[in-house]
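Student: The structure is given below, and queries will be raised subsequently.
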Amino acid sequence: MTDTADTAYTTLSGVGESARRPDATLKVTGEFAYASDLWIDGMAWGATLRSPHPSAWIRSIDAGPALKIAGVHAVLTHEDVPGEKFYGLDLKDQPVLAVDQVRYQGEPVALVAADHPETARRAAAAIVVEYEVREPVNDPRRATEIVRRQPVRVGDTFEAEVVVTGEYEVGMQDQAFLGPEAGLAVPAEDGGVDLFVATQWLHVDRDQLAPCLGLPPEKVRLTLSGVGGAFGAREDLSMQVHACMLALRLGRPVKMSYGREESFFGHVHRHPARMRYEHGATRDGRLVYVKADILLDGGAYCSSSPAVVGNAASLGVGPYEVPNVDVVATGVYTNNPPCGAMRGFGAVQACYAYESQMDRLAEACGLSPVEIRVRNAVTQGSRLITGQLIDSPAPLADMLRDLEAMPLPGGRQEGDLRALPGGVSQTTHGESVRRGVGYGVGIKNICFSEGFDDYSTARVRAELVNGEPHVTVHTAAAEVGQGLVTVQAQIARTELGIPDVTVATADTSVGSAGSSSASRQSYVTGGAVRAACEAVRARFGGLPAREALERYGPIEETREYRHRPTYPMDPVTGQGDSHTQLALCVHRAVVDVDVELGLVKVVELAAVQDVGRVLNPQALEGQIHGGSAQGLGLALMEEIQVRDGAVANPSFTDYLIPTILDMPPMQLKILENPDPAAPYGLRGAGEPPTLSSTPAVAAAVRAATGLRLTRVPIRPEDIALSDEKGPDAKNRA
């Protein structure tokens, strides 16, 4: 497409349209520069030595053998940390490098810088560390250290005509982004450092880095480099502080880039959960009470576990009206890999359990899965179990009816093996294949909660370039693949009426935009861009853009945008207006299951989601498809296998994620019921589909097999083995 055609296209690419992504062509052709592609003349390479043990004392570290290798320039341990030795998102409990002990397999112990990446890796392996191995605490039920315990208690009636109970488990899911952690640290003449990195939260990275490097924040400058996916795993530091330490020690640029195996050890994962639920209802299916005990394994360090616990507690019964509640969510420390943010965090685990319970309740009351949900659905004017009023549209009952009315897929064509579980492997010709249909409902908080000062900053500059009006938008908001750069440009075009818009590279030279997580960036950064554009437009004085810029010269405005305040949950009752916005998504899954081999094919997913206002239809559909794919993965295949604290499958060979062959066709219905408190009335849309897709797929498999299946991911042996006393018996009960 020519430049002229580009300009003509962008003229029509405001809010509400499927504006073309500026990075689309580069990514499709393989020309896009990711952080792992960073290069500068004279740079050295960094590598990390990691603990092979989940729990051990460190008795000695001998760097001598590594330093003897030609091309090695430095070996650093905790003694070389120039500033504070600990960092963390919520609590500074994570060591830059292990001090006297290691608390999980893969914990960084030492760093190496060398002329070549392979030399750096060989040198790291040559470092001799003497460990005194301890017995790890791997079972969260045995853990004695608590990150956070949050109850939610309402009412005092815990007896009912119909009672169903269940115990549920969710495995440890990985974000499985395709671009491993990478960055380039460049020492600066002022004694500071410039870091080019793939991250989700530039300013919080800087604020953790600076104290550890012994530098003031203004001397630690971060610029976003190409990010190959994130999904929460890039909220915490990985290689950032290590690359900066090596660069400052050597006085030359240092690049670090993880391989796939190291990436599994280098970032946090989704919290595994063990949950016990009890639902009580009237005979006609009206909820009387819910009791729940939610146990979340936070692994070795705090990360964002407190927020995960808060979400699990406050959203622990789902979008249903329940007058009596006794929910307790607890996050604990173990010697398992650290867990933190992952798409829908906290709400995902609870959703699987409460939706499984709603299906059991429907069966006990003789109702359909849709009817039991409709009878208990929240609406505008309802209150969450925390007492918070739902003060914007929440048409859950209508969404469920819309979903139920969508046409079901037809039967398989005879002889088409591609449509069967196992595909063209010819594991079956359909003789043991059963079809099942299941439903799932999820509610997710949008933006940060519980009193967090959640804001974003935007700088907008309008000027004449070659005689034509041009707009530059500058924020620190991380584009992690969700299309945020495109949306910022769309907002600027809409507010200023100027088609020629550039979105500057995100960095820390502008105020914080917060994290690209919690489905918040369109809300808060979109709000900030809109506010800055409105300020620029006001300075036009009613003149057309060109005339105003000819008269006044360049016009630049910076604005911060904050959503309405939230408040901490009461530590005893859990009451409080802890969330700023809530979003709903409902899924229906249709599956075919080979009940002899335990193979599952998801035939179709259908979803209805209320997004408030569509900013970019194509990007929105991509978010719903992507969230549904991750939910499908959690339901059927994705799990980090941790045995005695050790990760058994740190590779894409053994950690399975859905491919294009696993994802089915999707029917989508997008509703637009604006939230009056949000910019353009929008609702964050990236996380809700991850919640409801998992229980929908699990319910469909249950419907096909008749098995209880109380754990995800559901494995073939959970379905196929007939021995109720076998290893799968617990998930079949």
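Student: Limited to segment 560-576, what total is found for residues that are closer than 23 Å to Ala347 by Cα, in contact with a Gly (Cβ under 8 Å, 6 or more places away or on another chain), surrounded by 15 or more Cβ atoms within 10 Å (Cβ to Cβ) and not hydroxyl-bearing (Ser, Thr, Tyr)?
Tutor: Here the count works out to 5.
Student: Moving to a separate point now. Restrict the check to segment 43-53 and report whether at least one residue is over 22 Å from Glu261 (Cβ atoms), touching a residue at least 40 places away in the same chain (Cβ under 8 Å) and surrounded by fewer than 16 Cβ atoms within 10 Å (Cβ to Cβ).
Tutor: no
Student: Which of the residues spanning segment 207-228 are part of a helix (DSSP H, G or I) and under 21 Å from the mean Cα position of the chain (by Cα)?
Tutor: Gln208
Student: Tally the residues that are among the aliphatic types (A, V, I, L, M), part of a helix (DSSP H, G or I) and open to solvent by less than 10 Å² (accessible area, probe 1.4 Å), restricting the search to segment 606-654.
Tutor: Looking only at that region, the number is 4.
Student: Step by step: first the residues of segment 358-406, then only those that are aliphatic (A, V, I, L, M), under 26 Å from the mean Cα position of the chain (by Cα) and assigned to a loop (DSSP other than H, G, I, E, B), then the one that is surrounded by the fewest Cβ atoms within 10 Å (Cβ to Cβ). Which residue is that?
Tutor: The extreme case among them is Ile390.
Student: Please give the number of the condition Ala477 fails out of (1) in a loop (DSSP other than H, G, I, E, B); (2) open to solvent by 10 Å² or more (accessible area, probe 1.4 Å).
Tutor: Result: Ala477 fails condition (2) only.
Student: Can you go through Pro676, Pro665, Pro688 and tell me which one is open to solvent by 50 Å² or more (accessible area, probe 1.4 Å) and within 17 Å of Ala606 (Cα to Cα)?
Tutor: Residue meeting the stated conditions: Pro665.
Student: Could you tell me whether segment 414-435 includes any residue that is under 29 Å from the mean Cα position of the chain (by Cα), open to solvent by 40 Å² or more (accessible area, probe 1.4 Å) and acidic (Asp, Glu)?
Tutor: Within segment 414-435, none of the residues are under 29 Å from the mean Cα position of the chain (by Cα), open to solvent by 40 Å² or more (accessible area, probe 1.4 Å) and acidic (Asp, Glu).
Student: If you don't mind, another one. Report yes if some residue within segment 454-470 is open to solvent by less than 40 Å² (accessible area, probe 1.4 Å), closer than 30 Å to Gly627 by Cα and aromatic (Phe, Trp, Tyr); otherwise report no.
Tutor: no
Student: Can I ask one more? I'd like the residue in segment 42-66 that is touching a helix residue (DSSP H, G or I) at 6+ places or on another chain (Cβ under 8 Å) and not hydroxyl-bearing (Ser, Thr, Tyr) and, out of all such residues, is farthest from Ala307 (Cα to Cα).
Tutor: Per the criteria, the residue is Pro65.
Student: Out of all the residues in segment 27-39, which are open to solvent by less than 60 Å² (accessible area, probe 1.4 Å) and part of a loop (DSSP other than H, G, I, E, B)?
Tutor: Result: Phe32, Leu38.
Student: So, Glu79, is that one more than 30 Å from Pro306 (Cβ to Cβ) and either of a type in the set (S, T, N, Q) or open to solvent by 50 Å² or more (accessible area, probe 1.4 Å) (or both) or not?
Tutor: Taking the combined requirement at face value, the residue satisfies it.
Student: Okay, next question. All but one of (1) over 22 Å from Gly340 (Cα atoms); (2) part of a strand (DSSP E or B); (3) under 32 Å from the mean Cα position of the chain (by Cα) hold for Val75; state the number of the condition that does not hold.
Tutor: Looking at each condition in turn, Val75 falls short on (3).
Student: Regarding segment 549-559, can at least one residue be identified that is at negative phi, surrounded by 20 or more Cβ atoms within 10 Å (Cβ to Cβ), assigned to a helix (DSSP H, G or I) and not acidic (Asp, Glu)?
Tutor: yes
Student: Within segment 148-166, can one find any residue that is out of contact with any strand residue (DSSP E or B) (no Cβ under 8 Å at 6 or more places or on another chain), of a type outside the set (A, V, I, L, M, F, W, C) and in a loop (DSSP other than H, G, I, E, B)?
Tutor: Checking segment 148-166: not a single residue is out of contact with any strand residue (DSSP E or B) (no Cβ under 8 Å at 6 or more places or on another chain), of a type outside the set (A, V, I, L, M, F, W, C) and in a loop (DSSP other than H, G, I, E, B).
Student: Could you tell me whether any residue of segment 438-450 is without any contact (Cβ under 8 Å) to a residue 40 or more places away in the chain and either in contact with a Leu (Cβ under 9 Å, 6 or more places away or on another chain) or open to solvent by less than 30 Å² (accessible area, probe 1.4 Å) (or both)?
Tutor: no
Student: Something else about it: Conditions: (1) assigned to a loop (DSSP other than H, G, I, E, B); (2) at pLDDT 95 or above. Ala47 meets all but one. Number of the miss?
Tutor: (1)
Student: Got a sec? Which of Ser263, Ser238 is at pLDDT 95 or above, buried (at least 21 other Cβ atoms within 10 Å of the Cβ), not hydrophobic (A, V, I, L, M, F, W, C) and not in a loop (DSSP other than H, G, I, E, B)?
Tutor: The match here is Ser263.
Rundown of residues vs (1) part of a helix (DSSP H, G or I); (2) open to solvent by 10 Å² or more (accessible area, probe 1.4 Å); (3) under 24 Å from Asp610 (Cα atoms), yes/no style:
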| position | (1), (2), (3) |
| --- | --- |
| Cys302 | no, no, no |
| Val309 | yes, no, no |
| Ala312 | yes, no, yes |
| Val322 | no, yes, yes |
| Asp326 | no, yes, no |
| Ala329 | no, no, no |
| Asn335 | no, yes, no |
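Student: Among the residues of segment 531-552, how many are in contact with a strand residue (DSSP E or B) (Cβ under 8 Å, 6 or more places away or on another chain) and more than 15 Å from Glu495 (Cβ to Cβ)?
Tutor: Count: 3.
Student: Could you tell me whether segment 505-526 includes any residue that is in contact (Cβ under 8 Å) with a residue 12 or more places away in the chain, out of contact with any Phe, Trp or Tyr (no Cβ under 9 Å at 6 or more places or on another chain) and over 30 Å from Leu178 (Cα atoms)?
Tutor: No, the conditions are met nowhere in segment 505-526.
The values are calculated or read from the model by the stated rules, or taken from the named source; none is laboratory data. Quick caveat, the model's predicted, so the values are computed rather than measured. A quick note on method: Cβ atoms are made from the backbone with ideal geometry, for glycine too, and the neighbour counts reach across all protein chains shown. Just the protein is used for accessible areas: all its heavy atoms, side chains included, with ligands, DNA and RNA removed. Shrake-Rupley method; radii C 1.70, N 1.55, O 1.52, S 1.80 Å.
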